[in-house]
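Beneath this line is the structure, given in structure tokens, with notes to follow.
The values are calculated or read from the model by the stated rules, or taken from the named source; none is laboratory data. In this text the structure is predicted, and so the values were computed from the model without any measurement. When we count neighbours, we look across all protein chains shown, and the Cβ atoms used for this are built from the backbone with ideal geometry, even at glycine.
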Amino acid sequence: MEQNLQKLFKLASYKPESRLSDEVWGLIEYRNRRITKWKTLGYSGLSLLSLVGSIFSIKILVEQFIRLGFFDYLSLVFSDSSVIATYWKEYTLTLADSLPFASFGLSLFLLFILFVSIKKVSYQFNNRLIA
């Protein structure tokens, strides 16, 4: 019985009909190209939005720095360091109070998103060039 099965398996050969494996591989490649294209478009759009948002957020951040007097307080370090050495606790608290934390955090977040999306877009382009 085992010998008959061995003979049967040796005589049997794989004969694909109508090149089905080539069609399946072509469909897989088509879907991968389509997914890569959508990812590239999505990350490009995200990087463009975060770039525009970063520009406006940094502009607002600089305006708030000026309005809150951060640069004026910071310039005291270079003009009168003996007074700063005496009242360093009050000085650091005043500097911390004049920082626009929300705008600073938003700017950092948008810049982070920008760099991550640029990295992803470059990765997608590299994969497209290799494939």
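The set of residues in the stretch 99-131 that are surrounded by 11 or more Cβ atoms within 10 Å (Cβ to Cβ), closer than 30 Å to residue 25 by Cβ and among the small types (Gly, Ala, Ser) contains only 122. Sort out which residues of the stretch 25-62 are under 18 Å from the mean Cα position of the chain (by Cα), closer than 30 Å to residue 99 by Cα and not β-branched (Val, Ile, Thr), and write them in order of number. Listed by number, the residues that qualify are 46, 47, 48, 49, 50, 51, 53, 54, 57.
Condition check for residue 70 on (1) surrounded by 15 or more Cβ atoms within 10 Å (Cβ to Cβ); (2) within 30 Å of residue 35 (Cβ to Cβ): one failure, at (2). Residue 107 meets the conditions (1) within 21 Å of residue 40 (Cβ to Cβ); (2) touching a helix residue (DSSP H, G or I) at 6+ places or on another chain (Cβ under 8 Å); (3) among the small types (Gly, Ala, Ser) in every case but one. The failed one is (1). With respect to the stated conditions, residue 73 fails to be over 24 Å from residue 55 (Cα atoms), at pLDDT 85 or above and not small (Gly, Ala, Ser). Total residues in the stretch 77-98 satisfying the condition of being surrounded by 16 or more Cβ atoms within 10 Å (Cβ to Cβ) and either at pLDDT 95 or above or outside any helix (DSSP H, G or I) (or both): the figure is 1.
In the stretch 81-98, the residues that are over 17 Å from residue 70 (Cα atoms) reach residues that are part of a helix (DSSP H, G or I) with C-beta atoms within less than 8 angstrom, at least six apart or across chains, in these pairs: 83/76.
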